[in-house]
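What follows is a short report on a single structure.
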């Protein structure tokens, strides 16, 4: 219960930070949308969002300038991350479509299993991105390792912020309104606050 309470505190802090700088986060989210329209620009745009929201969690409001700096600085790693997740998304979509339209006796159970695996995958990626920006070495391999460690050592802490982030992402794809009002920035802040909550307090 303590970890769930901490998860709720993470959500509260993330909303507070996001709301206090909402005008900047709205501009950043709009820039994210525009660059994402190129498809290949989605991952660099997302890395840019995380870059500037990291500044925000440290009390620095860099806004659109910080976002663009992040896009440029992390371009190579963001493209690699984007390609891997695009491949994973394609695999999940094809597998779900196949079993959802299959007459195989266990097909419905496999649809549920694949859906759970996909959910865990995207929460892992969400946490790993936050780890990437909080660790000293900007390595995707290390970020995935650290994200995995956070998920298994603090599963209840990650659960609520992770589910909220995935829900916001799905709602943004389905209805577009959350995307327009700044959900990418809120998702990034949720991830960063979640990982920061697992770190020892600074001396």
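The values are calculated or read from the model by the stated rules, or taken from the named source; none is laboratory data. The structure displayed is predicted, hence computed values, not measured ones. Positions of Cβ are backbone-derived with ideal geometry, glycine not excepted, and every protein chain shown enters the neighbour counts.
Computed quantities for the displayed model
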item	result
Filter result for residue 109 (out of contact with any helix residue (DSSP H, G or I) (no Cβ under 8 Å at 6 or more places or on another chain), assigned to a helix (DSSP H, G or I) and either free of Cβ contacts under 8 Å to residues at least 24 places away in the same chain or more than 15 Å from residue 158 (Cβ to Cβ) (or both))	yes
Complete set of residues in the stretch 189-203 that are assigned to a helix (DSSP H, G or I) and either out of contact with any helix residue (DSSP H, G or I) (no Cβ under 6 Å at 6 or more places or on another chain) or modelled with pLDDT under 85 (or both)	196
Near pairs, Cβ below 7 angstrom, 6+ apart or cross-chain, from the stretch 47-72 (at positive phi) to any residue that is surrounded by fewer than 18 Cβ atoms within 10 Å (Cβ to Cβ) and part of a helix (DSSP H, G or I)	63/27
Selected residue (only one of 56, 89, 34, 8 is part of a helix (DSSP H, G or I), modelled with pLDDT under 95, surrounded by fewer than 22 Cβ atoms within 10 Å (Cβ to Cβ) and in contact with a helix residue (DSSP H, G or I) (Cβ under 7 Å, 6 or more places away or on another chain))	8
Residue selected from the stretch 11-25 under the condition assigned to a helix (DSSP H, G or I) and in contact with a helix residue (DSSP H, G or I) (Cβ under 8 Å, 6 or more places away or on another chain), by the criterion surrounded by the fewest Cβ atoms within 10 Å (Cβ to Cβ)	15
